[in-house]
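Derivation of every value follows stated rules applied to the coordinates shown; laboratory data play no part. This is a predicted model, so every value here is computed, not measured. A quick note on method: Cβ atoms are made from the backbone with ideal geometry, for glycine too, and the neighbour counts reach across all protein chains shown.
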């Protein structure tokens, strides 16, 4: 996939990478919240914050986010996704390298982290009726509280075996190639 090692901050993650563009890569997560929880990261490890991206890196980064988001939705049959950037340590960033979480979410067994505390109190008026209807159904079903029995606390999530992560990355890489062949509108991303 690459001619040299790929770093996530100081960590070599080359074998966990399943997609690479000119300035960005996507990799499987060491401690995923749910199956399909992946990260999108700039190749340049000096990009610690979103503001560190050059204009060219920025275009590539967000094009990659679009591609990987759509791929994860299809591959994991997600109803929705969280796309989350924790930009700085005060925002919860634990690794000093810009990265975006793409987390599949589902109607029935939606599990998660503290993002639901924010989502449950969010009152932004959305113009799309379908979105408002889905949001109301989510709140009626109890929001985050209705799914606590499914959720693992962060402290209970353990790092995965590197061989398992490497295997998952290889499988996602192969499936992404098929996805790209079936979705020519993403051709500009590769």
What is the spin-label model distance, in nm, from residue 174 to residue 59 if the labels are put 7 Å beyond Cα along the C-beta direction? 3.5 nm
Kirkwood hydrodynamic radius of the stretch 1-105, Cα pairs, Å: 13.8 Å
Residue span residue 46 to residue 90: 0.36 nm per residue of separation minus Cα-Cα distance leaves a gain in nm of 14.0 nm
Contour minus Cα-Cα distance for residue 161 and residue 183 (0.36 nm per residue): 4.7 nm
What is the spin-label model distance, in nm, from residue 107 to residue 7 if the labels are put 7 Å beyond Cα along the C-beta direction? 4.6 nm
How compact and how long is the stretch 7-63, expressed as Rg and Dmax of its alpha-carbon atoms in Å? 11.4, 32
